[in-house]
Amino acid sequence: MRASFSRTAIMLGFALCCSITMADVKLPNIFTDSMVLQRDQENAVWGKASAGEAVAVHIGSQKKSATADSDGNWKVMLDPMSVGEPLELIVKGQNEIRITDVLVGEVWICSGQSNMQWSINASNNVDLEKASANYPNIRMINFPQVGVQEPIWSHDDRKWMVCNPQNVGNFSAVGYFFARQLHQTLGVPIGMINNAWGGSACEAWINRETLSADPQFKPLIARWEENEQRVAELTGKGELNEEEKKQLGGLQNQMRGNSRPGNIYNGVLKSHLGYGIRGSIWYQGESNAGRAYQYRELFPLMISSWRKEWGQGDFPFYWVQLADFMAENSEPMDSAWAELREAQTMTMAKLPNTGQAVIIDIGEGKDIHPRNKVDVGMRLARWALANEYGLSISYRSPEYQSMELQGNQIVLSFAHVDGGWRPFDTNELHGFTIAGEDKKFVNARATLMQDGRIAVSADSVAEPKSVRYAWANNPKVNLYDRSDLPLTPFRTDDWPGVTINSH
C-alpha cells in the first residue's frame, strides 16, 4: 500500500512537473489564417515553445525543423515559393497549429500616422468602394496602437482579413488603393501589413538605442529622460497633492503615447519585424513639421534602421509628401510644413531605393485628413510598379534641377518632366515666388519656355537671388507634367528656415 502510494505520488508529481515546464508551440499573430507570404524569396517563420523542444514546420512540399533555444525561441526559413493555390501552414511541437488559406504573392507594409491609418469608411465614395470590393486575393492585417519601451512579441486579437464588401471599410484607404492597383496590374495576391498610428512622431518608430547612439538626437532623448525621471520621482513619493497627481497622470499618458522614442517600435513594429515583405509605403510627417530640419536626419535614420533590422537589404521604401493644409495665404510666408516637405524630398538623395509621391494638389485646407486617398494610393503604386515590377510608366514627379540668372529673371531647369508641362485649369502658372538679396519674397510671374524651362521674375525684384515654388502650408499651385504628376515643391536657396533650431 505504501509502495503503491509512493509510485502514484511520483507519477502525479512528474505529470505536474511536465504540465508546468512543457509549453504549447505558439506563433505571433502575424501568422494567422488568410495570411500572405512574400513570393520568390525565403520567408521567416518563428515562434515560442519549451526550451529544447523540437518544432516542425510544413507548407506545401516543404518541411523545416528547429529546436527552441534556452529562452524558448525558434525560427525556420522557408524556401522561396511561387504564386499558386492556397496552402496550409502546419507547425508541430507538443501541440499542432494549422493555418489555412495561406497565399503567396506580394507583401507590403503600410505605415505612418493618421493619413495612412485613415480607413475606407472615412474616404470618398465609401458606398461605391464597398460595393465593388470583391478582391479575395487582397488581404490586410491591422495592428493595435500600443506604446511601450519593452518589445511586444504578439498581438493575439489581430488577424489577417480577406477583402470583401463587409470588411473593406476597416482597411487603410491608402494601403487598399495601393494594393488594388498592384493586384489589378500584376494579377497576384497582395498582402498589406497596416501598423499606422494616428499622430505618431517619427522617433517613436525607431529603436531607442539607435537614437541614443546618435549625438545629434541628444536633445530629443534628453527631453524624454527628464519626463521619465519626473515620473519616477512622483511615483516614489507616496502621497501626492492634486497638482502632482495631475502632472503624474499627464506624464504617464505621454509615456504610453505615440511620440516617446522607441514606443511604437517596441509596442507595434517588433511583433512582425522580419516578416517577409517586398517593401514599405509610408505617410507621416505632420507630427514632426515643427522640427523639419531635424527630420532631414531623423527620417533617413528610421528607414535605414528598419532595413538593417529587417535583414532584407535596401528594400523599397516609398512615402507620401505632406499635402496642402491650413488657410491659403495670398502673400509669401515662412512655413514649417514646406520645410518638412523639403526634408522628405532630400531623403531620396540620401538613401537608395526610395521614392516620394507628391500630393501638394489634393489636400484640404480645412482638414488635415484629405478624403481623396485614391490618388495617393495610385501615385505610390506608380513607384512600385515602375521600379519593383518593371512597368514602363511614369512614376516620379517633376523636380527642380538648376537655375540660371538672366538679367532680372531666373530661368529654371527641371528633371523628370514626362511629356512636357500641363498647367491645370488656366495657362497662367501659380505658386512661384521670387526674392532678391533682402530675402523678401514676392509673388512672381512664371512663363513656360519652348525648351521646357520656366522663366520667373517680378517687377519689384530687379536683381533676383532665389525662386520658390509651393512654399507655403497650403499653396495655390497648378503645374503638372503630361502624366498628371504635380511639380515637387522646392526652393533654390538654402537660407535658414523657421525650424532650423528646433530639436
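No value in this document is a laboratory result; all are computed from the given coordinates. Every value quoted in this text rests on a predicted model; they were computed, and no experiment measured them. Here Cβ is always computed from backbone atoms with ideal geometry, including for glycine, and neighbour counts include all displayed protein chains.
Could you name the lysines in cross-link range of LYS245, using Cα to Cα under 21 Å and dropping any fewer than eight places away on the same chain?
LYS237
Which lysines have a Cα lying under 16 Å from the Cα of LYS63, excluding residues fewer than 8 positions away in the same chain?
Of all the lysines, those that pass the test against LYS63 - Cα under 16 Å, at least 8 places apart if same chain - are LYS75, LYS92.
Once R0 is set to 25 Å, what does the formula 1/(1 + (r/R0)^6) return for the Cβ-Cβ distance between GLU243 and ARG223, expressed as a FRET efficiency to the nearest 0.05?
So, using R0 = 25 Å, E works out to roughly 0.75.
Could you tell me what % of all Cα pairs in region 90-175 have separations over 20 Å?
48 percent
Calculate the FRET efficiency for GLN149 and ASP334 from the Cβ-Cβ distance with a Förster distance of 45 Å, rounded to the nearest 0.05.
Using R0 = 45 Å, I get an efficiency of 0.80.
Given R₀ = 51 Å, FRET efficiency for ASP494-ALA44 by Cβ-Cβ distance, to 0.05?
0.70
Under 12 Å from a label point 7 Å along Cα→Cβ of SER132: give me every residue in region 174-198 with its amide N that close.
181, by backbone N distance to the label point.
Straight-line reach from LYS308: which lysines fall under 16 Å, measuring Cα to Cα and dropping same-chain residues less than 8 apart?
In chain and number order, the partners are LYS270, LYS350.
Among HIS58, ILE30, GLN94, which residue has its Cα furthest toward the positive end of the charge dipole of region 18-153, with +1 on Lys/Arg Cβ and -1 on Asp/Glu Cβ?
Of the options given, the answer is GLN94.
Could you work out the Rg to Rh ratio of region 399-491, with Rh taken as the Kirkwood radius (inverse of the mean 1/r over all Cα pairs)?
0.94
Sketch the reach of a paramagnetic label on ARG98 as a point 7 Å from Cα along Cα-to-Cβ, and name the residues of region 57-75 whose backbone nitrogen lies under 14 Å away.
So the set is 58-60.
Determine one quarter of the surface area of the Cα convex hull of the chain, which equals its mean projected area, and express it in nm² to one decimal.
So the Cα hull casts an average projection of 31.8 nm².
Charges only on Cβ, +1 for Lys and Arg, -1 for Asp and Glu: so what's the dipole of the chain about the Cα centre, in debye to the nearest 20?
About 1260 debye.
Could you tell me which residue out of MET403, PRO489, LEU479 lies farthest along the dipole of region 399-491 toward its positive end? Charges go on the beta carbon: Lys and Arg +1, Asp and Glu -1, centred on the Cα centre.
PRO489
What whole-number distance in Å separates the alpha-carbon centres of region 179-215 and region 23-88?
23 Å
Which ³J(HN,Hα) values in Hz, rounded to whole numbers, follow from the phi angles of region 33-48 under the Karplus curve 6.51 cos²θ - 1.76 cosθ + 1.60, where θ = phi - 60° and Gly and Pro get x?
3, 6, 5, 10, 9, 5, 6, 6, 7, 5, 10, 7, 10, 9, x, 10
Have a look at ASN253, PRO300, GLY191 and report the one farthest towards the positive end of the charge dipole of the chain, computed about the Cα centre with Cβ charges (Lys/Arg +1, Asp/Glu -1).
Final value for the positive-end residue is GLY191.
Please report the relative contact order for the chain, taking Cα pairs under 8 Å with a sequence separation of at least 6, and give it as a percent rounded to a whole number.
Rounded, it is 13 percent for the chain.
For region 278-325 and region 106-156, write down the distance between their C-alpha centroids in whole Å.
Comparing the Cα centres of region 278-325 and region 106-156, I get a distance of 18 Å.
Give, to the nearest whole percent, the P(r) tail of region 24-77 beyond 15 angstrom, counting all Cα pairs.
Summing the P(r) of region 24-77 above 15 Å gives 49 percent of all pairs.
Magnitude of the Cβ-charge dipole of region 399-491, K/R +1 and D/E -1, about the Cα centre, nearest 20 debye?
Using Cβ point charges on Lys, Arg, Asp and Glu, region 399-491 gives about 220 debye.
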